[in-house]
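*Asks:* Just dropping this structure here.
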Amino acid sequence: RRKRLAESQTVNEFLIDPVRPFLTDFFRQLSAPFDPTRRDAPIGQGYWIQAEFGSGKSHLLSFLGALSLGGEREWEIVREREEKAGRGRRESLYTFYENGLKKKSAEGKGVLVAVMTLVGQGGGGIGVAGADKQLTEYVLAAVGDQFFQETGRSLPLFPTQILADRFLKQDLERFS
């Protein structure tokens, strides 16, 4: 995780066609140019994936993560597989690498890939770890952890609910 290295074997083994529409949508948004002035059209901000146990969520997330990092070797695997399957340039996922992700990875730090699972992390059961946490806290913790892995620096992120509670319980009296 620290070196932003993808697992090529995951890319080799992944079956693209059963989830091609999802992958096309995902990589279209992820490879789009970022324009901070367009808050009405955010790109690649995040996805929620929910499915039954054993349906391949972890494999899908590994595949998405590997390609989102923008590694040339992993995308070359996709290009070769798509070519062998007779996919044209327009319908190949490789187009998203050529027309966006390659540039993002070369010119900047690339895409921050933070993946987590909520298995055993709440859900309302008694005695389940973290049952009192909100989803935003889990997401921000995963993003902060990945940022620290890559840079060695902490990323102070606080959901608005935490800041509002802190203000009302601790800071309001001092402010008044």
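*Asks:* Residue 22: net charge of surrounding residues, Cβ under 15 Å, Lys/Arg +1, Asp/Glu -1, itself excluded?
*Replies:* Once all neighbours under 15 Å are counted, the net charge is 0.
*Asks:* So, one more: Short version: ³J(HN,Hα) in whole Hz for each residue of the stretch 139-156, in order, from phi by Karplus 6.51 cos²θ - 1.76 cosθ + 1.60 (θ = phi - 60°), x for Gly and Pro, what are they?
*Replies:* 5, 5, 5, 5, 5, x, 5, 5, 4, 5, 4, 7, 10, x, 10, 7, 10, x
*Asks:* How do 13-22, 96-105, 77-86, 62-71 rank on mean C-beta neighbours within 10 Å, highest first?
*Replies:* Sorting 13-22, 96-105, 77-86, 62-71 by mean packing, highest first, produces 62-71, 96-105, 77-86, 13-22.
*Asks:* Same structure, new question: What is the sum of charges, Lys and Arg at +1 and Asp and Glu at -1, for the other residues whose Cβ falls under 13 Å from the Cβ of residue 78?
*Replies:* Taking every other residue near residue 78 into account, the sum is -2.
*Asks:* Whole-Hz ³J(HN,Hα) for each residue in the stretch 50-59, computed from phi via Karplus 6.51 cos²θ - 1.76 cosθ + 1.60 with θ = phi - 60°, x for glycine and proline: what do you get?
*Replies:* Residue by residue, the stretch 50-59 yields 9, 7, 5, 4, x, 8, x, 4, 5, 5 Hz.
*Asks:* At a Förster radius of 45 Å, what calculated FRET efficiency corresponds to the Cβ-Cβ distance of residue 52 and residue 176, to the nearest 0.05?
*Replies:* So the FRET efficiency works out to roughly 0.30.
No lab work stands behind these numbers, since they all come straight from the coordinates. It should be emphasised that the depicted structure is a prediction, and the values quoted were computed from it without experimental measurement. Cβ sites come from the backbone with ideal geometry, for glycine too, and all protein chains shown count toward neighbours.
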